[in-house]
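So the structure is just underneath, and the comments pick up after that.
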Amino acid sequence: MTTHRAPLTRTELADLLTDAAQSVSGILTAEYPTAVSRSYLHPVLGALSTGPRVVGELSDRVEEFVAAEPRPSTPAGLFTLASYASALGWLTESFAELTASVEQIYTRVGIPTEPHGPVVAPPDGAERDGESGFAFSALELAAIRTAAEAADLAPDDYVEVLSESLLAASRITDACVEISNGLLEDAAYVRDEATDHVWIGEGPGSLPTLVRSLLARMEVAV
């Protein structure tokens, strides 16, 4: 259904980007109750439980923005749409990667493991795990053993899947921070600096921050 409305002002366009930035940053503080038997997933469950909802909300807002009459046609409106769409695409891709990482963890913990010898702390009270390279104190080793037992995993396997979980959490955190910051930068540009001229050329305002970031990532990947 097409909605008829007056063209959005720059302030309203900037508010759309700011609201989206706040939604994305909220993913980073989301909490989700984690069962003791799945404690190795704690670093990612908050984002995993909240991210799809945020993606859905942003997708709905983009559809409303595009479907409304008159459709975005001013430079500020098109700039806003490009920034919003880039954020949505980037966020969607990031959560697809997070989901794939979690599925790999589930596959990993479902594979029968070979018997492992006991994890023994050296005389100085610290031990370096052979696979992860982390150094653990005697107190940390005791906590790992307890958590691993609750998860029905060998200590070495528990450290491995927890490391994978932490890495996945780090990646989604980096993505959300960059997306949120990019949206805020674009919101400030639309509100304070945008002109009535079409953005062309290679200047900093020629494309939204997120579009330029995505193009830079594509160049690195080639």
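The values are calculated or read from the model by the stated rules, or taken from the named source; none is laboratory data. Predicted, not measured: the structure shown is a model, and the values here were computed from it. Note that we place each Cβ from the backbone using ideal geometry, even for glycine, and neighbour counts take in every protein chain shown. To get the accessible areas, we keep the full protein, side chains included, count just its heavy atoms, and leave off ligands, DNA and RNA. Shrake-Rupley method; radii C 1.70, N 1.55, O 1.52, S 1.80 Å.
Some values worked out for this structure:
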read-out: Where Ala14 falls short, out of the listed (1) surrounded by 15 or more Cβ atoms within 10 Å (Cβ to Cβ); (2) at pLDDT below 90; value: (2)
read-out: Residue within the stretch 8-15 that is part of a helix (DSSP H, G or I), of a type in the set (A, V, I, L, M, F, W, C), in contact (Cβ under 8 Å) with a residue 40 or more places away in the chain and within 27 Å of Ala168 (Cα to Cα) present; value: no
read-out: Output for the stretch 144-196, where each listed residue is of a type in the set (Ser, Thr, Tyr), more than 20 Å from the chain's Cα centre (by Cα) and within 30 Å of Ala14 (Cβ to Cβ); value: Tyr189, Thr195
read-out: Residue list for the stretch 163-195, restricted to those being open to solvent by 50 Å² or more (accessible area, probe 1.4 Å), closer than 22 Å to Thr34 by Cα and of a type in the set (A, V, I, L, M); value: Leu166, Leu167
read-out: Long-range neighbours under 8 Å by Cβ, at least six apart or interchain, first residue more than 14 Å from Gly89 (Cβ to Cβ) and acidic (Asp, Glu) within the stretch 56-68, second exposed (fewer than 11 other Cβ atoms within 10 Å of the Cβ) and modelled with pLDDT under 90; value: Glu64/Thr3
read-out: Filtered residue count, the stretch 35-59, keeping only those that are within 19 Å of the chain's Cα centre (by Cα) and either farther than 30 Å from Val161 by Cα or hydroxyl-bearing (Ser, Thr, Tyr) (or both); value: 6
